[in-house]
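To keep things clear, I will list the structure first and then write my remarks on it.
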Amino acid sequence: MNSILYIIIGLLIGVPTGIVVGRFLLRKLFKDQEASAQNKVKKILKDAENDAEILRKNKLLEAKERFLQMKAEHEQSINNKNNEINQRENGIKQKEQSLNQRLENATRKENELDNVRKNLERQTELAVKKQEEVEAIKNQHVQQLESIAGLSAEEARNELIDNLREEARTKAMIQIKDIVDEAKLTASKEAKKIVIQTIQRTATESAIENTVSIFNIENDEIKGRIIGREGRNIRALEAATGIEIIVDDTPEAIILSGFDPVRREIARLAMHRLVTDGRIHPARIEEVVAKTKKQIEEEIVEIGERTVIDLGINGLHPELIRMVGRMRYRSSYGQNLLQHSREVANFCATMAAELGLNVKLAKRAGLLHDIGKVPDDNPELPHAILGMQLAEKYKEHPEVCNAIGAHHDEIEMTSMLSPIIQACDAISGARPGARREVVESYIKRLKELEDLALSYPGVEKTFAIQAGRELRVVVESEKISDADSETLAADISNRIQTEMTYPGQIKVTVIRETRSVAFAK
């Protein structure tokens, strides 16, 4: 019990004492921490002041260095400008010295020119005095001559001029007469010589065009495929091309007959494609014929371009080039028109060179002289006039236009090229074997036969086949009915009987076809 009491008493005494001691110790600890913090702050402030001083000194040094550098650059710039100014001053001084020297030279030359001018004036005065003395002496001599001859000076001069003029006229007339006589003696000889040389210097083929083409095949089995079931393939070919296809006993050959070479070539190429491809039926035939026609048109342009390049002709209008290409598939009295035109162009170039004329214009006119035979329209106009109109339309040279229009004497010749074209055309056409009149008249008759049927309304295409013994007329089914077809066939046949002359008889076949096409999509 006593021990507990002592403990309690000790606690009562110790707790307040501990609290007092703890508070004293805490206060002392806080004072020490505060003093330490103040010391740290002072140290930090002192370090900051030292750093700031060092930074200020560094910046001051950098500013001084920058100032010194700028000062040096400024001084260098000033020195450079001073040097440049000094150089300019030196140049100005040199120019000033040069100008002063030139001024002195000019002054010296001016003085020399004044001296020369004064000398010339003195010499001029002396020359005038001498001229006056000469004129006086000349007048004295003239007066003496007039008194001796009994004529004035003007009368003597006129008489002398008249005598000289009469003598010159007499000599000129004699010389002109000699030249004319010599020209009359040699003109015919020279002309014949030029024509003969032109003919001899041009080598050409003498083969003529015909109206049939031969299509060669590997075996006769292909003939059956070309004919088709009940002849539908061959009928489709003939209707699409307008060419008569003759399949006879000739081994490994099919004959294509027609007066138009373009149609024959289209038929030949189309048949070659069909045989090569193997698919031969009416729809395929029409497709191949259409593609072949387009190919032929492209080949026509290529032939025209190759022709003008070979002849060295430049600047020809594209439409004229296309017409030149179509000449390949035209004939003139059995003579190939393109070959004939090339031949005439070469003849004209040779003859123009011999006569000293423009060779390029002569060759151009020679190539285009029969261009009027190519178009199918305006059949009433002579081909020379039509060709001249085409040349004028496409801005050809006036001499070329006149040569084209005058080569058959339809218009008056106005240039030297015109008789040359006429002569060369005659030379080309007069060669043995060059032309055949019968073929030309035959082709003309077939063309008139087709044009007659084509003049009826509703007629789409016409084809004269079997050497003109049959005329096939394809009509538009929307405009011509079946009943109208019979009437049209009778009308055409009656008109042929009354307007045309022909051997034997002509069969008129009117074809009216109706197609219904639909597409499944």
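Within region 466-498, can you find the residues that are surrounded by fewer than 16 Cβ atoms within 10 Å (Cβ to Cβ), within 12 Å of Ala453 (Cα to Cα) and hydrophobic (A, V, I, L, M, F, W, C)? The answer is Ala490, and nothing else.
Here Glu343 passes the criteria (1) of a type in the set (D, E, K, R); (2) open to solvent by 10 Å² or more (accessible area, probe 1.4 Å); (3) in a helix (DSSP H, G or I) except the one numbered (2). Filtering region 247-261 for residues that are open to solvent by 20 Å² or more (accessible area, probe 1.4 Å), part of a helix (DSSP H, G or I) and modelled with pLDDT under 80 leaves a non-empty set. Among the residues of region 272-296, those identified as of a type in the set (D, E, K, R), in a helix (DSSP H, G or I) and either open to solvent by 60 Å² or more (accessible area, probe 1.4 Å) or in contact with a strand residue (DSSP E or B) (Cβ under 8 Å, 6 or more places away or on another chain) (or both) are Arg273, Asp277, Glu286, Glu287, Lys291, Lys293, Lys294.
Contact map, region 397-422: residues that are touching a residue at least 24 places away in the same chain (Cβ under 8 Å) paired with residues that are among the acidic types (Asp, Glu) and open to solvent by 10 Å² or more (accessible area, probe 1.4 Å), Cβ distance under 6 Å, separation 6+ or inter-chain. Pairs shown: His407/Asp425; Leu417/Glu399. Screening Thr307 against (1) surrounded by fewer than 20 Cβ atoms within 10 Å (Cβ to Cβ); (2) under 18 Å from the mean Cα position of the chain (by Cα) leaves a single unmet condition, (1). With respect to Ser516, determine if the residue is of a type outside the set (A, V, I, L, M), open to solvent by less than 80 Å² (accessible area, probe 1.4 Å) and without any contact (Cβ under 8 Å) to a residue 24 or more places away in the chain. No; evaluated as a whole, the condition is false for this residue.
The residue pairs whose first member lies in region 333-354 and is aromatic (Phe, Trp, Tyr), whose second member is in a helix (DSSP H, G or I), and whose beta carbons are closer than 6 Å, counting only pairs six or more residues apart or on different chains, are Tyr333/Glu437; Tyr333/Glu440; Phe347/Thr198; Phe347/Cys424; Phe347/Ile427.
Quickly run through region 444-461 and pick out the residues that are open to solvent by 10 Å² or more (accessible area, probe 1.4 Å) and closer than 15 Å to Val262 by Cβ. Once the filter is applied, which keeps residues that are open to solvent by 10 Å² or more (accessible area, probe 1.4 Å) and closer than 15 Å to Val262 by Cβ, region 444-461 yields Lys447, Lys461.
A quick yes/no check of all residues on (1) within 16 Å of Pro419 (Cα to Cα); (2) touching a Leu at 6+ places or on another chain (Cβ under 9 Å):
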site	(1), (2)
Gly304	no, yes
Thr307	no, yes
Gly312	no, no
His317	no, no
Asn336	no, no
Ala345	yes, yes
Lys363	yes, yes
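When you go through Ile85, Ile44, Ile13, Ile54 one by one, which is the residue that is surrounded by 10 or more Cβ atoms within 10 Å (Cβ to Cβ), more than 60 Å from the chain's Cα centre (by Cα) and at pLDDT below 80? The unique qualifying residue is Ile13. Counting only residues that are touching a strand residue (DSSP E or B) at 6+ places or on another chain (Cβ under 7 Å) and either part of a helix (DSSP H, G or I) or of a type in the set (Phe, Trp, Tyr) (or both), which one in region 478-493 is nearest to Thr509 (Cα to Cα)? Among those that are touching a strand residue (DSSP E or B) at 6+ places or on another chain (Cβ under 7 Å) and either part of a helix (DSSP H, G or I) or of a type in the set (Phe, Trp, Tyr) (or both), it is Ala489. Filtered by the rule that a residue be surrounded by fewer than 19 Cβ atoms within 10 Å (Cβ to Cβ) and farther than 16 Å from Val308 by Cα, region 359-393 gives Pro375, Asp376, Asp377, Asn378, Pro379, Glu380, Leu381, Pro382, Ile385, Gln389, Glu392, Lys393.
So, in region 404-419, exactly how many residues are in a helix (DSSP H, G or I) and either farther than 11 Å from Ala352 by Cβ or open to solvent by 10 Å² or more (accessible area, probe 1.4 Å) (or both)? The number of residues fulfilling the criteria is 5. Could you please tell me which pairs satisfy a Cβ distance under 9 Å, a separation of 6+ or placement on different chains, a first residue in region 274-297 that is over 16 Å from Ala236 (Cα atoms), and a second residue that is surrounded by 13 or more Cβ atoms within 10 Å (Cβ to Cβ) and of a type in the set (A, V, I, L, M, F, W, C)? Pairs that qualify, where the first residue is over 16 Å from Ala236 (Cα atoms) and the partner is surrounded by 13 or more Cβ atoms within 10 Å (Cβ to Cβ) and of a type in the set (A, V, I, L, M, F, W, C), are Asp277/Val288; Gln295/Ile266; Gln295/Leu269; Ile296/Val262; Ile296/Ile266; Ile296/Leu269.
Of all residues in region 403-420, those that are farther than 18 Å from Phe347 by Cα and among the polar types (S, T, N, Q) total 1.
The values are calculated or read from the model by the stated rules, or taken from the named source; none is laboratory data. Just so it is clear, the model here is predicted, and its values are computed rather than measured. Methodologically, a virtual Cβ is constructed for each residue, glycine included, from the backbone with ideal geometry; neighbour enumeration extends over all protein chains shown. Note: areas computed on protein heavy atoms with side chains; ligands, DNA, RNA excluded. Shrake-Rupley method; radii C 1.70, N 1.55, O 1.52, S 1.80 Å.
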